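FYI, it's all coordinate maths here, none of it is from the lab. Just so it is clear, the model here is predicted, and its values are computed rather than measured. Cβ atoms come from the backbone with ideal geometry, glycine included; neighbour counts cover every protein chain shown.
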Amino acid sequence: MTPSPISTEAQERVTRAPARPRNRAWLTSDIKRLKAEWGNVPKGFLLMSFPDRSWGALQQTARRLGLKRVRMWRGRISPTKDPLMFQLRVARQDKGLTAAALSKKIGQCERYVGMAERGHMNVKHHTLLRWCLALGVELRVEPANRGNRLAARLPERTAA
């Protein structure tokens, strides 16, 4: 006995999700958005921002454009927890220095550098000055409009 063919009703119920178009050209607006979001937006938000692209396609295009991503290990590195140390970490990564190389330049251990960059340790002002000198960045201290407190920050980076 030959098996009966699948009914048309069953065929309609079994549908596949439409496949992503392969090798779709990147629009200049997509590239600008990727450049703006790549370094500081979590992976999930990037995938939502580019629904027709896979994570591998985003990584490949970012690599081709020379974009670098700030790594977030278990959410511990946050620009909101300690913005100054976050900026110093980004500056160190931009210079291509490892935490070990920076620790030798500032006279501290590598663990100290890592903990300070994650905001788990208070950095003394003289160590902060050595840190900025080692990275070749300028440090500005200004009133923070919060009573008598001061806010330290790095000057805004200009796009190259």
Are any residues in the range 104-116 loosely packed, with under 14 Cβ neighbours inside 10 Å and either among the hydrophobic types (A, V, I, L, M, F, W, C) or in a loop (DSSP other than H, G, I, E, B) (or both), and if so, which ones?
Gly107, Cys109
Within the range 91-103, residues being in contact with an Asp or Glu (Cβ under 7 Å, 6 or more places away or on another chain) and buried (at least 17 other Cβ atoms within 10 Å of the Cβ) number 2
What pairs come out if I take residues in the range 119-140 that are farther than 17 Å from Leu97 by Cα and pair them with residues that are among the aliphatic types (A, V, I, L, M) whose C-beta lies under 6 Å away, six or more apart or interchain?
Gly119/Met85; Met121/Met115; Val123/Ala116
What do you reckon, is Leu88 surrounded by 16 or more Cβ atoms within 10 Å (Cβ to Cβ), without any contact (Cβ under 8 Å) to a residue 60 or more places away in the chain and under 16 Å from Cys132 (Cβ atoms)?
no
